[in-house]
């Protein structure tokens with residue numbers, strides 16, 4: 001494994017690469033390609049943190065836990081609630097902030113505040129030719145030139161290796177609480193979640209656990225949370241009996257949703273499907289027998305556990321959206337592809353951008369092919 | 001401001017081009033008489049004017065595709081135009097270009113409350129997107145101050161912000177999908193009613209690309225339910241630095257206001273003379289607005305005022321009613337008009353880290369003395385997005401140039417302080433040649449590489465965003481290819 005200790009060293013390694021590189025941060029998310037492992041873990045450390053400006057800049061290899069601890073000390077947090085893939089994938093290692101951004105990893109709060117990409121303010125990276133590039137900065141509003149920050153988020157290391165990211169952070173709310181609406185029906189649940197999300201009460205989580213019910217989360221100051229819980233209870237009363245979850249129980253439940261703990265240590269492939277929330281009920285009804293699922297993002301994110309080797313994409317084809325194969329053995333990943341194939345015109349643009357940023361195809365090339 | 005010399009070969013083909021365009025567009029959608037093309041000679045950066053060769057006003061994605069394909073085949077540059085409200089010259093024509101205006105494409109295609117999205121044609125104005133859903137209690141969050149006139153197409157091109165983006169984000173955070181027509185006429189669908197369009201985040205790079213990657217004809221936007229209410233508190237301080245500290249302390253305390261606006265003394269004085277909003281006589285004024293139910297607002301304002309009191313404000317005025325709120329906002333909302341009444345002005349929008357605020361304001365004050373031009377600062381303080389308004393006299397020879405030199409120095413200062421050249425207006429032609437201050441050639445190459453993919457012949461809005469010397473090689477090759 002190559003673990004460069006500086007951006008310059010990383011740039012030299014990539015420029016001199018003779019074959020494919022498997023780019024990774026902590027290696028916990030299962031997205032890196034094949035080839036010589038190139039780890040960004042050596043590029044760690046919080047470079048700047050201004051709580052009063054809600055900004056933090058860190059080396060890409062900085063452990064997520066280190067950033068979360070620094071933020072917690074100032075009563076702030078990464079609001080997009082990045083998932084920890086170790087629970088679901090059974091991986092070991094240390095998740096890094098570079099990995100979070102490269103894979104655009106967001107959790108339940110994405111529905112309310114945005115994805116990892118929405119909190120990324122600036123990046124530094126080394127492209128496939130070994131060229132060092134910076135884009136964006138460390139201020140909240142920045143339209144100076146093209147937004148390559150977004151392009152790098154969710155590029156899974158195929159356009160360049162991140163060396164530093166600047167992020168917007170947010171205050172940690174005083175308390176949280178949740179409501180569990182007792183329903184077993186996905187259609188009913190999505191309707192209830194839509195009612196909550198379409199209210200003025202700032203729902204920050206909206207999930208459906210088929211054996212538990214539809215869950216909405218509220219966060220903020222004590223009095224405000226109490227008020228909004230009451231208002232939501234009234235608004236959602238028609239959908240089923242409602243149970244309140246106070247702070248600790250709420251936190252535990254949402255951590256499980258975030259990390260898809262439901263499918264941990266259970267056999268089968270895991271798919272992550274992004275659709276219009278109202279399309280979710282029909283999709284989950286049509287899942288193969290013996291599958292399990294849960295909904296996040298008001299129904300817009302479907303997590304499915306199904307028999308190994310099942311091609312779920314064929315089943316969502318009539319709906320707009322995309323399905324990613326998150327957990328499967330290598331032959332299945334190779335056969336079905338990890339990422340949703342794109343329409344030809346879009347694929348031409350994607351391939352064109354990849355070819356410009358990594359002309360030799362050395363960065364996570366096998367991942368890119370799967371895309 | 002330098003613009004490329006019009007390509008005589010393109011100018012010579014005008015008649016042929018008009019003939020071809022007239023075959024795919026209705027007669028009233030092709031404008032080629034000089035008396036009429038002059039209507040498109042500038043956008044809101046009125047210091048620069050140039051009538052286009054032709055202007056077209058297509059009504060459908062198909063028509064846009066036809067126009068672009070013809071211009072592609074003829075090798076004619078195209079400058080897309082929303083409503084022409086750009087403050088950066090984003091829609092400034094060249095004499096050899098076709099202006100492609102999307103103003104006729106203003107329909108709502110779909111409103112979907114269950115999924116909290118609206119699909120519109122891109123010529124629809126920002127405010128009328130909210131207008132389409134507000135009876136049902138919803139709104140579209142990004143609110144640039146030109147929202148009555150500006151088009152969604154332009155909002156996407158410039159990644160427009162607004163006063164309320166501290167809480168709701170800017171255009172890119174509220175954009176879920178687009179129909180994009182490429183320069184060769186190819187129509188691409190990206191994203192839609194679902195979150196995080198799959199594959200590379202092309203939507204993210206299209207938003208803010210200033211019409212250089214393609215023409216957006218339709219967009220899927222996130223809509224939100226309106227808050228139950230909103231009320232501001234006004235606070236005055238004797239010192240810019242103290243006001244800056246107060247902003248920082250409010251944010252650190254865990255209250256996230258929907259807007260924090262800042263005005264300095266020159267701006268306060270100008271607006272008082274103009275609008276008489278009853279602002280205190282002080283160095284710095286903050287307007288902090290929060291949202292929620294009445295009780296929630298009371299609670300948040302109480303927390304904010306407690307923090308403000310620790311900084312010895314000269315005035316602290318909490319709104320208790322819609323009327324009082326309007327009064328507090330009156331001066332802020334008249335600020336641009338008030339400054340405009342004094343003289344012509346240039347409005348910059350460099351962004352800085354909030355912590356650098358006192359230093360930057362002090363330096364701008366010193367520069368104001370040096371250049372002999374007055375400047376007032378209105379400011380989205382929560383996110384560091386400055387708006388220095390530099391006053392000059394357009395009728396006085398040399399004053400515009402002096403003002404531009406002053407502006408350039410302010411923007412360089414913003415970059416030195418850890419910020420950027422433009423927070424929400426875009427680069428256009430105005431800040432084009434300052435891009436070297438913020439980015440190295442490698443940084444610019446990486447950005448231009450994206451344009452190479454979307455528009456290999458560099459025909460879309462080619463003389464914008466990138467310094468002319470940086471983009472010259474590409475533009476020369478493109479012209480030779482014709």
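Taken together, the values in this text are just the output of simple stated rules run on the coordinates, not laboratory data. Please read these numbers as outputs of a predicted model, since none were measured by experiment. Note that each Cβ is placed from the backbone with ideal geometry, even for glycine, and that neighbours are counted across all protein chains shown.
Per-structure values
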| read-out | value |
| --- | --- |
| Label point distance in nm, residue B:110-residue B:326, each placed 7 Å from Cα along Cα→Cβ | 3.9 |
| Chain B: relative contact order as a whole-number percent, Cα under 8 Å and 6+ apart | 14 |
| Partner chain coverage, peptide A:343-356 - average Cβ within 10 angstrom | 5 |
| Per-selection Kirkwood Rh - the stretch B:143-254 (Cα, Å, 1 d.p.) | 16.5 |
| Length released on extending from residue B:226 to residue B:394, taking residue separation times 0.36 nm less the Cα-Cα span | 56.3 nm |
| Residues of the stretch B:414-437 with amide N under 17 Å of the 7 Å Cα→Cβ point at residue A:48 | B:414-423, B:437 |
| Shielding by other protein chains, B:70-83, mean Cβ within 10 Å | 0 |
| Residue order, fewest to most beta carbons within 10 Å, for A:278, A:106 | A:278, A:106 |
| Taking all pairs of distinct alpha-carbon atoms in chain B, Kirkwood radius in angstrom | 23.4 |
| Mean ellipticity per residue at 222 nm, deg cm²/dmol - from DSSP H runs of n ≥ 4 across chain B, formula -39500 (n - 2.57) | -11500 deg cm²/dmol |
| Sorted by Cβ neighbour density within 10 Å, fewest at the top, the residues B:469, B:143 | B:469, B:143 |
| Using alpha carbons only: equivalent-ellipsoid semi-axes of the protein assembly as shown, gyration tensor based, whole Å | 39, 35, 27 |
| Distance (nanometres) between label positions extended 7 Å along Cα→Cβ at residue B:303 and residue A:255 | 2.4 |
| Contact order relative to length of the stretch A:7-171, as percent, for alpha carbon pairs under 8 angstrom and 6 or more apart | 28 |
| Cα-based shape type of chain A, given that a ≥ b ≥ c are square roots of the gyration tensor eigenvalues and the cut on a/c is 1.5 | oblate |
| The stretch A:175-259: C-alpha gyration tensor shape, a/c 1.5 cut-off, then a/b vs b/c | oblate |
| Protection proxy ranking, peptides B:239-247, A:47-55, average beta carbon neighbours within 10 Å, highest first | B:239-247, A:47-55 |
| Highest-fluctuation residue, A:95, A:341, A:331 considered, GNM on chain A with Cα pairs under 10 Å | A:331 |
| Efficiency of FRET between residue A:348 and residue B:312 - r from beta-carbon atoms, R0 51 angstrom, step 0.05 | 0.25 |
| Cα-based helix-to-principal-axis angle, B:468-481 vs chain B, degrees rounded to 10 | 20 |
| Residue B:362/residue B:1 FRET efficiency (R0 30 Å; Cβ-Cβ; nearest 0.05) | 0.55 |
| Crossing angle, helix A:186-197 versus chain A [Cα axis fit, 0-90 degrees, rounded to tens] | 80 |
| Ranked packing of B:284-291, A:32-39, A:79-86, most packed first, by mean Cβ within 10 Å | B:284-291, A:79-86, A:32-39 |
| When the stretch B:376-472 is reduced to its Cα atoms, the Kirkwood hydrodynamic radius in Å | 15.1 |
| Rg/Rh for the stretch A:111-161, where both radii come from Cα atoms and Rh is the Kirkwood radius | 0.99 |
| Listed peptides B:123-130, B:68-75, B:96-103 by packing density, highest first (mean Cβ within 10 Å) | B:96-103, B:123-130, B:68-75 |
| Gyration tensor verdict on the stretch B:315-407 (Cα atoms; rounded if a/c is under 1.5, prolate if a/b is larger than b/c, oblate otherwise) | oblate |
| On Cα atoms only, tilt of B:14-24 relative to the major axis of chain B in degrees | 80 |
| Selected from A:251, A:315, A:217 as most flexible by GNM, with chain A as the system and alpha-carbon contacts under 10 Å | A:315 |
| 10 Å Cβ neighbours from other chains, averaged over peptide B:112-119 | 5 |
| GNM top mover of A:177, A:307, A:348 - chain A, alpha-carbon springs below 10 Å | A:348 |
| Percent RCO, i.e. relative contact order, over the stretch A:261-336, from Cα pairs under 8 Å lying at least 6 residues apart | 41 |
| Ratio Rg/Rh, restricted to the stretch A:245-371 and using Cα atoms, in which Rh is the Kirkwood radius | 1.03 |
| Taking A:91, B:37, B:271 and counting other C-beta atoms within 10 Å, the order from fewest to most | A:91, B:37, B:271 |
